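This report refers to the structure that appears directly beneath it.
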Amino acid sequence: MSEFVKTEHLSFSYEDEGDRQNPALEDVSIAVQDGEYVAILGHNGSGKSTFAKLLNMILSPDSGKICIAGREVTAPDFTEDDMFDVRREVGMVFQNPDNQLVATIVEEDVAFGPENLGLPRKELRERVDRALSMVGMIEYAQHAPHRLSGGQKQRIAIAGIIAMMPKCIIFDEATAMLDPLGRREVMSTMDMLNRDHHIAILNITHYMDEAAHADRIIVVNDGRVYMDGTPGEVFSRIDELHAIGLEAPQTTELFDFLRREGCPLPAGYTEDEACIDALVRLYEEA
Amino acid sequence: MLKDITLGQYFPGNSVIHKMDPRAKLIVAILYIVAIFCAQNVVCFAALLLSAFLLILLSRISVITILRGLKPIMFVLLFTAIINVFLTGDTTEPPLWQAEIPIFSLVWRPTIYRAGVIRAIFTSIRVMVLIMVTSIFLTYTTSPITLTDAIEELLAPLKLLHIPVHDFAMMMTIALLFIPTLIEETDKIMNAQKARGADFANGSLVKRAKALVPVLIPLFVSAFKRAEDLAVAMECRCYRGGKGRTKLHKLQYHARDIVAFLLMCAFLAGIFVVNYYNPLEISL
């Protein structure tokens, strides 16, 4: 496995009106492997969105290096055409579904990315149909996107990215504006893309239960990497999470509380069903 | 309330005119406009009215809808008709009607000539047919987006002169796309301001206009925010203008488009002939 996204000592700061530097990211070194599923977790203002914008090449870092798909995008000789090549490898899904749809018919919106790549019509057709059936929206191909629900719109946006066949998709708080049902739809789409199609997923979020889906969680706080590990490892350090104002998933919080009361329960992340089983066993033993 | 606004009044349908290629419709509509302005005599105007009626039937849009579309221009029609009746005409002929209205020490003599009346009727028919036919071909049967595509394709030769045709078409498409979103947003902001006691319905015109300021400012701010988000999202989807772009749906001419074009050419030629020879020797 090779590193798909790699940052080295990345720093970035925003300038405010008084020309003062407000550091948003400091010395961030992260590597994401091909086909890995990573959640980047942090509360508002932790620098996680800035990180997305840097990977996206909307912002360029003050110092440090970013490599995507084996190419250094921060190199001085990196041109617009190179950027075009890199962007087809890394897709991005944003928060507001209304602000990322560009056509009035679902299938035309999905086709937008591949059209920009200049693919022949036959391949466009195949890719659009495939992407729409992957997200389960093929029967909506001829609909108008603004009539669909938030979760459906977001799935259309994802289909638009899949149709470009990237190796990695970054979700920048893609579920933040959705209702619980829409969130579930988007989350299961993410899981499916990673599991069945080996697309690397970088989910930037502040929802704990979403982060639990990932293979690996990177917690960001005050522009620095605060923790980096599997969900089990990260959630077992519950006190450290509390220290920066984050909460572990509910099952973890519950087990932690019960453990403090003297119950023999495991630390780390537990699925809902496993949690119920453990509690039932505990009850029967007692 | 704001949700009822639809731009261009597109009525989806399955008629022959609906199915025509939007480029062909644009060209045919332009030819028809030329015919309207070339028409000079009674036969021509009869042909125009008849053809407009036939087009209404072909489009399968109800006559009532189309007549309702004429309502906003009633004032203009009436105004031009009155002007034509009173101010034009052949002064060598005896007047049909004359009055003497004293205004202070002056006397105003409104006069109506036969030629003026005919001219008023012709002008009214011209404007009516113009509005009806262009809306049948363009707004009623063609969705705004396909119309944009058609304009882009038809203006494509201008690219040679370095005119950014694609960019203009994209701008139009996005503007159309954002209309429902922004209408929804306006509704939301208005409700939010109403909840804080704003009153949009009462007071003088000036007062009501002023009440709209706190609606427009947040609307503009959010429109700019949306525009920026969309620009970033488009760039992330490898958009870089029309350069090297292909299209999922390509516009294609069919037999019916060629037939429509030929029929319209024949119609235009017919109008020309009737104008200059007036073979039926009918005149008013």
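The values are calculated or read from the model by the stated rules, or taken from the named source; none is laboratory data. Just so we're clear, the structure is a prediction, and the values are computed from it rather than from any experiment. The accessibility values were calculated without ligands, DNA or RNA, using every heavy atom of the protein model including side chains. Shrake-Rupley method; radii C 1.70, N 1.55, O 1.52, S 1.80 Å.
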Give me the Debye-computed log₁₀ of I(q)/I(0) at q = 0.16 Å⁻¹ for segment B:2-277, equal point scatterers on Cα only, no solvent, two decimals.
-1.24
Per residue, in Å², the accessible surface of the protein assembly as shown once ligands and nucleic acids are set aside, probe 1.4 Å:
53
The relative contact order of segment B:42-130, taking Cα pairs under 8 Å that sit 6 or more residues apart, comes to a percentage of 31
Considering protein heavy atoms only and a 1.4 Å probe radius, which residues within segment A:104-125 exhibit an accessible-area decrease of no less than 20 Å² in the full assembly relative to the chain by itself?
A:THR104, A:GLU107, A:GLU108, A:PHE112, A:GLU115, A:ASN116, A:GLY118, A:ARG121, A:LEU124, A:ARG125
List the lysines whose alpha-carbon lies under 22 Å from that of A:LYS65, not counting same-chain residues fewer than 8 positions away?
A:LYS6, A:LYS48, A:LYS53, A:LYS167
Number of Lys pairs in segment B:2-277 with C-alpha atoms less than 23 angstrom apart, excluding same-chain neighbours closer than eight positions?
18
So which residues in segment B:248-262 end up with at least 30 square angstrom less accessible surface once the other protein chains are there, compared with the chain by itself, probe 1.4 angstrom?
B:LEU248, B:HIS249, B:LYS250
Of the heavy-atom accessible surface of chain B (probe 1.4 angstrom), what whole percent is carbon and sulfur?
70
I'd like the distance separating the alpha-carbon centroids of segment B:24-39 and segment B:185-237, in whole Å.
40
Contact order normalised by length for chain A, with contacts defined as Cα pairs under 8 Å and 6 or more residues apart; what percent is it?
22
Tail weight of P(r) past 22 Å, computed on alpha-carbon pairs of segment A:3-230, percent
51
Quote the total accessible area buried by chains B and A together, excluding ligands, DNA and RNA, probe 1.4 Å, nearest 100 Å².
2800
Anything losing 50 Å² or more of accessible area from the isolated chain to the full protein assembly: pick those residues out of segment B:166-186, probe 1.4 Å, ligands and DNA/RNA ignored.
B:LEU177
With a 1.4 Å probe and every protein chain kept in, tell me what percent of the accessible surface of segment A:110-257 is carbon plus sulfur.
51
Tilt of helix B:144-154 relative to the longest C-alpha principal axis of chain B, in degrees (0 to 90, nearest 10)?
80
Give me the distance between the Cα centres of segment A:177-206 and segment B:64-104, rounded to whole Å.
68
Determine the relative contact order of chain B: mean sequence separation of Cα pairs under 8 Å and six or more apart, normalised by residue count, in whole percent.
32
Could you give me the ³J(HN,Hα) list for segment A:46-51, computed from phi with Karplus coefficients 6.51, -1.76, 1.60 and θ = phi - 60°, whole Hz, x at Gly and Pro?
7, x, 5, 6, 4, 4
